[in-house]
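Novice: Here you go, one structure.
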Amino acid sequence: MNATDTRPTWNARLTEVRPPHPLRAAAAHYGPVLALYGALKLIGFTVFLYLLHSAGDFREKHPRFGGGARPWDVLATWDGWWYQQVAEHGYDPALVPVPGATGMITIEGNSAAFFPLYPALMRLVSEATGLGSYGAGLLVSVVASFAAALGIYTVAEQFGGRRAGLAAAGLWAVWPGSGVEWAVYSDSLYVALAAWACHAMLSRNWLTAGLLTFLAGLNRPTAGALIAALGVAVALALHRHRREEGVVRPLLALAMAPLGLFGYLAWVGHRMGDYGGYFKLQDGAWAHTFDYGEQTLDVLTSVPVGRFDYLFAYPFADVVGVGTVLLAFTMLGLLFRHRPPAPLVVYTALTLALILGSQQIFANVSRYLLPAFPLFLPLALALRRLSPLMMCWPLGIAAVASGSYAGYVLFELGVP
């Protein structure tokens, strides 16, 4: 080597600092999030199955309504039965009157009430893996629950740093209603789409936000809150950053976002011969309609004084539901205090309004409120003061308890 040779020697090359491989970097960053969520969820899930086995009440119930031969059969009951019907047989939208019915339920239940994305993924996974609709649905939900945990972590990390993100992912595992995250239900998939859509909005990745919101609209009707949040995000971006970003991508995202939700509602209405058919089905077959909060107020004023004479009363589950609603309002006030980005405020507030403004079986309100994940943020910001090890203490206790309040109470003492 001559004096002018500037190439590093062999020893120097050995000591060069190489950037970590992208997969290793991702594993180091996101691995603890997945481990924390998985551990907490596994604790709650195990307690849930233990309570099912020890109580044994599921053996005496109808296999469609919280029953089965084995404890884990319960995970595919109630709405899970309908999702399996869609995955196996598809749709035949119709408004079929119940003969001689004069009460609230005047129309026969129809699978068109259940949005198509989740059962479509069930069928795809079933055909790809050979699993039945039960196994495929459970696999989709479990994988989606981890994706949701990462999405919630990412939003919270932007808002309050890594420890806040870890705490938020942990809270997703133990929040009231979380018993459906590992069941044949569409909730984990919807929350995964919503969380990553919110992250894309905050990062101004417009086409990603539009696509994820479009997919969310094919999964749950409450995607209307996500569409509105994207509208606010686009409006603010065009006002503040128009010259930097242009207008094409934000407007294209906004045009794409509602197509899933309104496209499915239009298709169902067309097949039924009534473009309001989806809402008539929900009202006539499930007594689920928007009543501007009348039933919610009735429950909130009845349960504290020990009255259970309101519509669809499930006393124990309704006590948990009332506690969840009060917790939601508490967290909403604290969330406003932290001044989060406007899209998160709009998404959270409208999700609460859509759920609490509806007449429904109040026992499942904790499940319906799961998508309002920004409510985790104030508590996550408080928990970030703890070390990761100390953070596991309160979350671990909550995980044990969640087997009851978020699982058993939901599936066996109420209607999820």
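The values are calculated or read from the model by the stated rules, or taken from the named source; none is laboratory data. These numbers come from a predicted model, not from an experiment. Please note: Cβ atoms are built from the backbone with ideal geometry, for glycine as well, and neighbour counts cover all protein chains shown. Accessible surface areas use protein heavy atoms only, side chains included; no ligands, DNA or RNA. Shrake-Rupley method; radii C 1.70, N 1.55, O 1.52, S 1.80 Å.
Novice: How big is the gap, in Å, between the Cα center of segment 83-116 and the Cα center of segment 243-296?
Specialist: Going from one Cα centre to the other spans 18 Å.
Novice: Residue by residue through segment 193-209, which ³J(HN,Hα) values in whole Hz follow from phi under the Karplus form 6.51 cos²θ - 1.76 cosθ + 1.60 (θ = phi - 60°), with glycine and proline marked x?
Specialist: Those phi angles translate into 5, 5, 5, 6, 5, 5, 4, 5, 4, 5, 8, 6, 8, 5, 5, 5, 4 Hz.
Novice: Still on this structure: Using modelled amide H (1.01 Å from N, peptide plane; none on Pro or chain starts), what sits under 5 Å from the amide H of residue 290, excluding residues fewer than 5 places away?
Specialist: 359
Novice: Can you give me the solvent accessible area of residue 89 with a 1.4 Å probe, rounded to the nearest 10 Å²?
Specialist: That residue has around 130 Å² of solvent-accessible surface.
Novice: Rounded to the nearest 500, what is the chain's calculated 222 nm mean residue ellipticity when only DSSP H runs of at least 4 contribute -39500 (n - 2.57) each, over all residues? It would help to have the intermediate numbers written out before the result.
Specialist: Working: 19 runs with 268 residues, N = 416.
Computed ellipticity for the chain at 222 nm equals -21000 deg cm²/dmol.
Novice: I would also like to ask the following. With the full set of protein chains in place, find how many percent of the accessible area of segment 74-186 is carbon and sulfur; take the probe as 1.4 Å.
Specialist: 63
Novice: Give me the percent of the accessible area of segment 247-356 that comes from carbon and sulfur atoms, probe 1.4 Å, all protein chains in place. Please list the in-between numbers first.
Specialist: Working: 3850 of 5650 Å².
C and S atoms contribute 68 percent here.
Novice: Still on this model: Give the shape of segment 268-375 as rounded, prolate or oblate, defined through the alpha-carbon gyration tensor: a ≥ b ≥ c are the square roots of its eigenvalues, a/c under 1.5 means rounded, and otherwise the shape is prolate if a/b is larger than b/c and oblate if not.
Specialist: Values: a/c = 2.71, a/b = 1.17, b/c = 2.31.
Since a/c reaches 1.5 but b/c is at least a/b, the shape of segment 268-375 is classed as oblate.
Novice: Right, next: Please give the peptides 96-109, 311-324, 346-359 ranked by average Cβ packing (other Cβ atoms within 10 Å per residue), highest first, as a rough proxy for protection. Walk me through the numbers on the way to the answer.
Specialist: Working: 96-109: 11.9, 311-324: 19.1, 346-359: 20.9.
Highest mean packing first, the order is 346-359, 311-324, 96-109.
Novice: Could I ask something else about it? With a sphere of radius 14 Å drawn around the Cβ of residue 280, what net charge do the other residues whose Cβ falls strictly inside it have (Lys, Arg +1; Asp, Glu -1)? Don't skip to the answer; put the middle values down first.
Specialist: On the way: positive: 271; negative: 108, 274, 283.
Result for the local shell: -2.
Novice: Nothing charged except the Cβ atoms of Lys and Arg (+1) and of Asp and Glu (-1): what's the magnitude of the dipole of the chain about its Cα centre? Round to the nearest 20 debye.
Specialist: Charge dipole, the chain, about its Cα centre: 1620 debye, nearest 20.
Novice: P(r) of the chain in 10 Å steps, Cα pairs, percent per bin?
Specialist: Each 10 Å bin holds this share of Cα pairs: 5, 20, 31, 26, 11, 4, 2, 1, 1, 0, 0.
Novice: All other residues with a Cβ under 14 Å from the Cβ of residue 348 taken together, and with Lys, Arg as +1 and Asp, Glu as -1, what is their net charge?
Specialist: Details: positive: 337, 339; negative: none.
That works out to +2.
Novice: How would you order 126-132, 279-285, 325-331 from highest to lowest mean count of nearby Cβ atoms within 10 Å? Walk me through the numbers before you get to the answer.
Specialist: Values: 126-132: 12.9, 279-285: 19.9, 325-331: 16.1.
The packing order, highest mean first, is 279-285, 325-331, 126-132.
Novice: Moving to a separate point now. Hey, can you find the accessible area per residue of segment 51-102 for me, probe 1.4 Å, expressed in square angstrom?
Specialist: Values: 2800 Å² over 52 residues.
Averaged over the residues of segment 51-102, the accessible area is 54 Å².
Novice: Let me ask you something else. Per residue, how much accessible area does segment 336-416 have with a 1.4 Å probe, in Å²?
Specialist: Values: 2900 Å² over 81 residues.
Result: 36 Å² of accessible area for each residue.
Novice: Taking the Cβ of residue 51 as the center, what net charge do the other residues with Cβ under 13 Å away carry, scoring Lys and Arg +1 and Asp and Glu -1? Before the final figure, lay out each step's value.
Specialist: Values: positive: none; negative: 57, 412.
Net of charged neighbours comes to -2.
Novice: Could you tell me which of rounded, prolate or oblate describes segment 192-322, using a ≥ b ≥ c as the square roots of the eigenvalues of the alpha-carbon gyration tensor, with rounded for a/c under 1.5 and, failing that, prolate when a/b is larger than b/c and oblate otherwise?
Specialist: Working: a/c = 3.21, a/b = 1.74, b/c = 1.85.
Oblate.
Novice: Rolling a 1.4 angstrom probe over the protein heavy atoms, how many square angstrom per residue are accessible across segment 150-266? Before the final figure, lay out the partial values.
Specialist: Values: 3880 Å² over 117 residues.
Value returned for segment 150-266: 33 Å² of accessible area per residue.
Novice: Now for a separate question. Assign one of three labels to segment 64-120, namely rounded, prolate or oblate, based on the Cα gyration tensor with a ≥ b ≥ c the square roots of its eigenvalues; rounded applies when a/c is under 1.5, prolate when it is not and a/b is larger than b/c, and oblate otherwise.
Specialist: On the way: a/c = 3.04, a/b = 1.38, b/c = 2.21.
Since a/c reaches 1.5 but b/c is at least a/b, the shape of segment 64-120 is classed as oblate.
Novice: Then there's this: Sort 30-41, 401-412 for me by packing, meaning the mean count of neighbouring Cβ atoms within 10 Å per residue, highest on top. Show your work: numbers first, answer last.
Specialist: On the way: 30-41: 18.4, 401-412: 24.3.
Ranking the peptides 30-41, 401-412 by packing returns 401-412, 30-41.
Novice: Is there a quick way to get the dipole size of segment 231-304? I mean about its Cα centre, with the Cβ of Lys and Arg at +1 and of Asp and Glu at -1; what is the value in debye to the nearest 20? Walk me through the intermediate numbers first.
Specialist: Details: 6 positive and 7 negative charges, 109 e Å.
Its charge dipole is roughly 520 debye.
Novice: What do you get for the angle between helix 223-245 and the principal long axis of the chain? Use alpha-carbon atoms, 0 to 90 degrees, nearest ten.
Specialist: 30
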